[in-house]
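Before any comments, here is the structure.
The values are calculated or read from the model by the stated rules, or taken from the named source; none is laboratory data. Note that this is a predicted model, so its numbers are computed, not measured. Here the Cβ is made from the backbone with ideal geometry for all residues, glycine too, and neighbour counts use every protein chain on show.
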Amino acid sequence: MENPLTYPKSSEPFDSALFRAPTTEYRGCPLWSWNNKLNGDDLLEQIDDFQTMGMGGFHIHSRVGLDTEYLGHEFMELVKTCVGKAKKKELLACLYDEDRWPSGCAGGLVVAGRPEYKLQHLLLTPLPYGNLGEKPAPSASGRAVRSEEGFLLARYRVVLNEDGTLATGSKIMSPNDSSDENTWYAYVEPNPPSEWFNSQTYVDTFSKPAIACFIEITHEKYKSKVGNDFGKVIPCIFTDEPQFAHKTQLRDARQRQDVFMPWSLDLPETFKNRYGYDLLEKLLETVWDQPAELGPSTARYHFHDHICERFVEAFMDQISTWCQANNIFLIGHIMKEPFLWSQTDAVGEAMRCYRNLNVPGVDILCDRFEYNTVKQAASVARQNGGRGVMSELYGVTNWTFDFEGHKGSGDWQAALGITFRVPHLTWVSMAGEAKRDYPASIGYQSPWFKEYSYIEDYFARTNVVLTRGRPITRVGVIHPIESYWLCRGPVVENFEEQDFREQAFADLTNWLLQGLIDFDFVSESLLPGQLSEVSESGEENRKSLAVGACRYEVIIVPNLKTIRSSTLRVLKSFAASGGRVIIAGESPIFIDASMPKDPSELDIPGARSIPFTRTNVLQALDQQRDLRIIGSNGKHSRHFLYQMRQDEDHRFVFICNTERKTGRFTVSSTTVSLKGKWKITMLNAFTGDEEAIPAQISPCGQWTNFPQTFAGCSSLLLRLSPGSPDSTLPAPLVLTEQYRRSNEVELKSVEMSEPNVLLLDYAEYKLETDESWSNTDEVLRIDNIVRTRLGMPLKLEAYKQPWSISQNERTAVTLLELRFHIISEMDIEDAHLAMEDPELATITLNGHELSAASSNEWWVDKAIRKLPIKGGIKKGINTLLIKIPFGLLTNVERVYILGDFGVRLSGRHAALIPAPGTIKFGDWTRQGLPFYAGNITYHCKLEVPSPSQPIALCVPRFCAPLLAISVDGVRKGVIISEPYILELGVLEPGEHNIQIVAYGNRFNAFGHLHLPEGASPWCGPLLWRTEDDWWTPEYSIVQMGVLQTPVMMVRGKPKAAFWKEGPTY
């Protein structure tokens, strides 16, 4: 049986039935956060939820809050149980190789008792040991931290010229030399222990024995328990953000500060074996620049190259070899992929890390457009002949990330080659800190989770198409990372060049992709192992360079300062055989980071040099173009991305509009032109339908043209068949052109899916030793204060996993009392208190005790229990007292009042008021529902005039993850993005009932409500515990609901055919 992630069905003839109903391998498998004391029944129930959401499976991922021993007997039995359930439901049960992240230390188990496996770094400092000062913050990654737990490796005399470059007197010092103000000390040391690694450190990722130990502890454990399912129901194991100790730079050449470099005890030895000289003799050149007349430091270049190779060999290659031997794919992503500076610091070179990954992957956070990140991984996947690329996507986007965002972020990644979607993330539980672990949860805690199949079905159908055949990519770009290494010296002295190279790296990618010229990066380190003989291209009968499974008609050399001699030989041979080499911008001046004896050695006869501008680059590649999209104004749009694939005689094309969330309609009327003569079938990835569309051949006879209107966040999936198009076919409906606005709907009533919510997060507190109550403060700030008073670690980003904490450490050390005040303008008989761990607390409201035993109901998450409020809530001020035994693992959390009431919010003060008589169109948070976190159904009346005619509904403005529309009780569809119109079909004249369900999210109840609006695009745990300018005592509530009255639209007369005034290609 082939591994599902090889997509074997994509090698068979195109199957419309598979397109309509894609199987599991084409669907997303989210990171499934195992983050509490695990319960088998809960896990099995959530596997059913995954199938309901349209997912293809899950990745079992130990995460913040896990209280079942990681890799212990109970944990592994639950893994086996979940794999069995996945097999029965024909889902994929994917593994994850670490407790939290980054991968390599098995939650500290690798390093525990094996100090030789600790991550090492070299500390180069003007301050000898004994000057540690304030204890540094612990590291939750490979970021180096001064520990003063190492040994002195060498001392250096650092003498600088006036311009900050190394002067002649700079050298390694002998043992007999005296130290002075010019002395710098080189120490080899590990990081101090970190709570994040359960009181251990990260692992030495240069050490093959250390990583072999990681494999033995982790991979072999999974093999022993579920290895029989490897390559089948368990297709892969995910490795997450492996890295080495991060490199740092001096701010300026004369700054006296600690500098960190990745290191291993045998690094000097392996470096000398590789390059033939002593790294320690040249170490200063990795930090400071040489005088300009000496050129760049070859030692600096060799250092960056060598540590990257050490990392890849020890970690990536060794684990990949084990996975291949055991019939399971290695997938995942590395640390800091996006930029030249970031990958240099954490891994050396991203593309080299992917060389033996079965499915290279990336991590796209914050809804960012990281084109280079995806392009690097997709290029290696294509060159390796793989069909798939993985993306961990949607991370740290917050509860407010809507379905338009899910589609839009997924679309551009699909256009660049992503096929295996790993959504971030689904929580098992929201208990304690878990609820702040980079929300939202794509699971049952989100009120829209049963609607998520709309997104997953769409991308599954897209993947059925985009895993077929091979990508049509005619252009290769030499990756510029190695030229960046040369200028990685002190920031001030090198900023201009660093910034230039970083910007050029981004610019070229944007010019090509937004100019609709697809390309792949070519890694100089990988190229020698990817080469095939130069041969004729079968499609276009042009000379091409075979790089692995890919063939390129053009190779771009973009502003390289240095080029490998191996690359230069390839390009000279390619150009001599008729291939096109374009030198864009500056030509290389060094070979292997050294000045050639004869400058003519750098000449590539036949190469073309062009200025590094968008216009010059795109003009030089015009003959490699397969697609044009031209707006009605005659201009080429820069908002589209595409992927084109050759599948025997057919082609498949995916186009997406990246423009969205602009606050205005972004509908673009365009003409799409495809090189060649094609019959075109439109594949609807939302419905699975297929429709032949009209097109015509351009006057020059070389292009097939058709009209297409793109709304914001829209996309287009096409199947091209050889032959002349039919221009007489009916044109697809364009909603914005063929429907006109009519009358507004009439709102009759609303219905809430959950009770209303009063959030209680301000309280007074006292410990059992305190005589008086504190001033009022926010509950998470109280938690910080209490932990500081008791000498306990704060619950920030880095703290120990509960599974690693002994029973003795869990014992409560004091009693914490919290006093909340609830202001109500009326008596409320039927209300509930919602809180975590009520069985551990003593709870009274107005003197009446509330018993946790009185109810097994829950709200939002099973960890948040609902307790009936005995005696109800009284008009006036009500006092809620909660007494909690406080220990290391105690969760101090917000509590909630649930019931049929309204809430008036004024600044930081909230009061219960009578329930609103009805909710109108507009922001529901301003209508008595500021903390409401469920859905609202708007029941509306629609009067359809005579005669019977096609009707559509437009909802021009709303704040909701999605809207679901029904007519007379019959579901019609959803609205998630522009043009915010849904066809309702032909309706008979008269009155009809319209139901609009505005789905909610959990932000206004569980979000970082005391962070000033717009303070951070990043949503992580620390945003709930901010201070100073990043804190506001008032509530930062977000708008929710249908904000503008929906409008009925009726079908009008379509516009004239496009080609009467179309393009002239």
Considering only residues that are β-branched (Val, Ile, Thr) and either in contact with a Gly (Cβ under 7 Å, 6 or more places away or on another chain) or in the same structural domain as PHE505 (by TED's automatic domain parsing) (or both), look in segment 293-345 and name the one that is farthest from LEU486 (Cα to Cα).
ILE328
Counted residues in segment 70-89 being touching a residue at least 12 places away in the same chain (Cβ under 8 Å), farther than 25 Å from LYS800 by Cβ and among the charged types (D, E, K, R) come to 4
Being in contact (Cβ under 8 Å) with a residue 60 or more places away in the chain, among the small types (Gly, Ala, Ser), closer than 30 Å to TYR26 by Cβ and part of a strand (DSSP E or B) is the requirement here; does ALA93 meet it?
yes
So which residues in segment 391-430 are in contact (Cβ under 8 Å) with a residue 60 or more places away in the chain, closer than 27 Å to LEU531 by Cα and in contact with a strand residue (DSSP E or B) (Cβ under 6 Å, 6 or more places away or on another chain), if there are any at all?
ALA415
Residues within segment 889-908 that are in contact with a Phe, Trp or Tyr (Cβ under 9 Å, 6 or more places away or on another chain) and more than 30 Å from SER749 (Cβ to Cβ), tallied:
5
Considering only segment 41-63, I want to know if a residue exists there that is closer than 19 Å to PHE230 by Cβ and surrounded by fewer than 20 Cβ atoms within 10 Å (Cβ to Cβ).
no
Would you confirm whether any residue within segment 443-459 is closer than 30 Å to LYS795 by Cβ, within 14 Å of the chain's Cα centre (by Cα) and surrounded by fewer than 23 Cβ atoms within 10 Å (Cβ to Cβ)?
no
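Residues are listed down the side, and each one gets a yes or a no for (1) touching a residue at least 24 places away in the same chain (Cβ under 8 Å); (2) in contact with a strand residue (DSSP E or B) (Cβ under 7 Å, 6 or more places away or on another chain):
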site: PRO4; (1), (2): yes, yes
site: ALA17; (1), (2): no, no
site: PRO30; (1), (2): yes, yes
site: GLN51; (1), (2): yes, no
site: MET55; (1), (2): yes, no
site: HIS59; (1), (2): yes, yes
site: ASP67; (1), (2): yes, no
Top-ranked residue of segment 845-854 - restricted to ones that are more than 28 Å from ASN1001 (Cα to Cα) and either of a type in the set (S, T, N, Q) or touching a helix residue (DSSP H, G or I) at 6+ places or on another chain (Cβ under 8 Å) (or both), ranked as surrounded by the fewest Cβ atoms within 10 Å (Cβ to Cβ)
ALA853
Those residues of segment 855-869 which are loosely packed, with under 15 Cβ neighbours inside 10 Å and of a type in the set (A, V, I, L, M, F, W, C) amount to TRP858
Every residue in segment 256-282 that is more than 36 Å from the chain's Cα centre (by Cα) and of a type outside the set (Lys, Arg), please.
PRO268, GLU269, ASN273, TYR275, GLY276, TYR277, ASP278, LEU279, LEU280, GLU281
Options ARG628, ARG580, ARG645, ARG651: the member that is of a type in the set (Lys, Arg), touching a helix residue (DSSP H, G or I) at 6+ places or on another chain (Cβ under 7 Å), buried (at least 17 other Cβ atoms within 10 Å of the Cβ) and at negative phi
ARG645
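For every residue, the table says whether it meets (1) more than 30 Å from ALA1005 (Cα to Cα); (2) modelled with pLDDT of 95 or more; (3) among the aliphatic types (A, V, I, L, M); (4) assigned by TED's automatic domain parsing to the domain that holds ASP647.
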position: THR419; (1), (2), (3), (4): yes, yes, no, no
position: MET430; (1), (2), (3), (4): no, yes, yes, no
position: GLN445; (1), (2), (3), (4): no, yes, no, no
position: ASN463; (1), (2), (3), (4): yes, yes, no, no
position: GLY469; (1), (2), (3), (4): yes, yes, no, no
position: ASN494; (1), (2), (3), (4): yes, yes, no, no
position: GLN514; (1), (2), (3), (4): yes, yes, no, no
position: SER525; (1), (2), (3), (4): yes, yes, no, no
Single unsatisfied condition, VAL159 versus (1) out of contact with any Asp or Glu (no Cβ under 7 Å at 6 or more places or on another chain); (2) among the aliphatic types (A, V, I, L, M); (3) farther than 22 Å from PHE315 by Cα; (4) touching a residue at least 40 places away in the same chain (Cβ under 8 Å):
(4)
Scanning segment 97-124 for residues that are in a loop (DSSP other than H, G, I, E, B), of a type outside the set (A, V, I, L, M) and closer than 25 Å to HIS333 by Cβ gives ASP97, GLU98, ARG100, TRP101, PRO102, SER103, GLY104, CYS105
Pull up segment 958-985, narrow it to residues that are charged (D, E, K, R) and surrounded by 16 or more Cβ atoms within 10 Å (Cβ to Cβ), then point me to the one that is nearest to PRO447 (Cα to Cα).
LYS972
What is the one condition in (1) more than 27 Å from ALA292 (Cβ to Cβ); (2) touching a residue at least 40 places away in the same chain (Cβ under 8 Å) that PHE612 does not satisfy?
(1)
Subset tally (residues that are part of a strand (DSSP E or B) and touching a Ser or Thr at 6+ places or on another chain (Cβ under 9 Å)) for segment 125-163:
4
Scanning for something in a loop (DSSP other than H, G, I, E, B), of a type in the set (A, V, I, L, M) and out of contact with any Gly (no Cβ under 8 Å at 6 or more places or on another chain), does segment 657-673 turn up at least one residue?
no
Which residues, taken from segment 356-399, are assigned to a loop (DSSP other than H, G, I, E, B), charged (D, E, K, R) and in contact with a Gly (Cβ under 8 Å, 6 or more places away or on another chain)?
ASP367
Identify all residues within segment 607-618 that are surrounded by 15 or more Cβ atoms within 10 Å (Cβ to Cβ) and either assigned to a loop (DSSP other than H, G, I, E, B) or touching a Cys at 6+ places or on another chain (Cβ under 6 Å) (or both); write none if there are none.
ALA607, PHE612
Determine whether segment 248-268 contains at least one residue that is surrounded by fewer than 24 Cβ atoms within 10 Å (Cβ to Cβ), touching a Ser or Thr at 6+ places or on another chain (Cβ under 9 Å) and over 26 Å from PRO128 (Cβ atoms).
no
I need the full set of residues from segment 164-185 which are part of a strand (DSSP E or B) and closer than 15 Å to ASN131 by Cβ, in order please.
THR183, TRP184, TYR185
In segment 201-226, the residues that are closer than 28 Å to MET261 by Cβ, surrounded by fewer than 24 Cβ atoms within 10 Å (Cβ to Cβ) and within 27 Å of the chain's Cα centre (by Cα):
ILE215
For segment 658-683, how many residues are touching a residue at least 60 places away in the same chain (Cβ under 8 Å) and under 28 Å from the mean Cα position of the chain (by Cα)?
7
Test set (1) buried (at least 20 other Cβ atoms within 10 Å of the Cβ); (2) over 26 Å from the mean Cα position of the chain (by Cα) - ALA546 fails condition number
(1)
